[in-house]
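Notes follow the structure.
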Amino acid sequence: MQEIKPYEHRVQYYETDQMGVVHHSNYIRWFEEARTYILEKAGFGYNKMEECGVISPVLTVNAEYKTMTHYADTVLIHVKVISYNGIRLQLGYTIEDKETHEVRCTGETGHCFLNKEGRPLSLKRSFPEIHRVFEELMENEI
């Protein structure tokens, strides 16, 4: 697998409050942006998974806010696979300021894999090519 760089996001005005501070809900959106980016760079984005009939809903999400992010800041979002067993996936995120490397937020999301009918499925058994992508991601911290 090619080296995947952290996802980069420049804070937009609409993501902030009147004081120019990022609203807490946007960090969760950034987790999704980074997750989508990582999967696409790894070769199996959501669109490819869904074409194969695989759906991956978010089961849990948590975030711990460390320091404030402001309008026009650029952040790097690092993603790592915490655990993966073919049926469930746990991802960790660290959002840091691009210039100072100060950590702004950390968090995790939990996912499962379902077929089009909404039934749980094992990627290892049903989709070994997708399973290999997650195994490779588990070996690399981005």
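The values are calculated or read from the model by the stated rules, or taken from the named source; none is laboratory data. Since we're looking at a predicted model, the values are computed, not measured. Cβ sites come from the backbone with ideal geometry, for glycine too, and all protein chains shown count toward neighbours. When the accessible area is computed, the model is the full protein with side chains, heavy atoms only, and any ligands, DNA or RNA have been set aside. Shrake-Rupley method; radii C 1.70, N 1.55, O 1.52, S 1.80 Å.
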Set of lysines with alpha-carbon distance to K41 below 16 Å, sequence-local pairs under 8 removed: K5, K80
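Please calculate how many Å² of accessible area the chain carries per residue, with a 1.4 Å probe and no DNA, RNA or ligand atoms counted.
58 Å²
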Listed residues V21, L123, V79: farthest to the positive end of the dipole of the chain (Cβ charges): L123
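Can you classify region 72-142 as rounded, prolate or oblate using the Cα gyration tensor, where a ≥ b ≥ c are the square roots of its eigenvalues, rounded means a/c under 1.5, and otherwise it's prolate if a/b beats b/c and oblate if not?
Numbers: a/c = 3.28, a/b = 2.36, b/c = 1.39.
Taking the square roots of the gyration eigenvalues as a ≥ b ≥ c, region 72-142 is prolate.
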Inter-label distance for T36 and V103, nm, one decimal - labels placed 7 Å from Cα along Cα-to-Cβ: 2.7 nm
Helical mean residue ellipticity (222 nm; -39500 (n - 2.57) per DSSP H run of 4+; nearest 500) of the chain: -8500 deg cm²/dmol
Percent accessible area from carbon and sulfur atoms, the chain, protein chains only, probe 1.4 Å: 47 percent
Degrees separating the helix 25-42 axis from the principal Cα axis of the chain, which is the longest one: 50 degrees
Cα-centre dipole for region 1-127 with unit charges at Cβ (Lys and Arg positive, Asp and Glu negative), debye to 20: 660 debye
